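These notes are about the structure you will find just below.
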Amino acid sequence: MLPIDPHADRARRAWLPCPHCRDQDGCEACTAGRTCHVHWRYLLSSKGHVVHLQCPNCAHVWDQDTSR
């Protein structure tokens with residue numbers, strides 16, 4: 001497990017599912033597409049439709065194309 005990115009800022013968040021730990025599975029708010037106060041991700045950066053994220057639960061880092 002990686003440490004949380006030193007540039008991660010709780011004020012910059014995204015609400016996308018973590019492909020590694022899938023901690024959002026079974027969450028009523030996440031399933032309904034609402035903003036969840038528990039299952040947010042650090043939004044580390046973005047370029048166009050591609051966002052660079054980190055999960056605060058498992059520290060997984062990934063890029064996701066949000067244009068779909």
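The values are calculated or read from the model by the stated rules, or taken from the named source; none is laboratory data. Given the structure is predicted, the values throughout are model-derived calculations rather than measurements. Note: ideal-geometry Cβ built from the backbone for every residue, glycine included; neighbour counts use all protein chains shown.
Is one or more of the residues making up the stretch 51-62 small (Gly, Ala, Ser), surrounded by 12 or more Cβ atoms within 10 Å (Cβ to Cβ), within 20 Å of ALA11 (Cβ to Cβ) and in contact (Cβ under 8 Å) with a residue 12 or more places away in the chain?
Yes, that holds for at least one residue.
Output the residue which, of all residues in the stretch 17-47 that are among the small types (Gly, Ala, Ser) and in contact with a strand residue (DSSP E or B) (Cβ under 9 Å, 6 or more places away or on another chain), is surrounded by the most Cβ atoms within 10 Å (Cβ to Cβ).
Out of the qualifying residues, it is SER46.
Looking only at residues in the stretch 4-18 that are in contact with a Phe, Trp or Tyr (Cβ under 6 Å, 6 or more places away or on another chain) and in a loop (DSSP other than H, G, I, E, B), which one is nearest to SER45 (Cα to Cα)?
That would be ALA8.
Tell me which of these PRO56 doesn't satisfy, since it passes every other one: (1) of a type outside the set (S, T, N, Q); (2) in contact with a Lys or Arg (Cβ under 9 Å, 6 or more places away or on another chain); (3) part of a strand (DSSP E or B).
PRO56 satisfies all of (1) of a type outside the set (S, T, N, Q); (2) in contact with a Lys or Arg (Cβ under 9 Å, 6 or more places away or on another chain); (3) part of a strand (DSSP E or B) except (3).
Residues that are modelled with pLDDT of 95 or more and in contact with a Pro (Cβ under 7 Å, 6 or more places away or on another chain): does the stretch 42-56 have at least one?
yes
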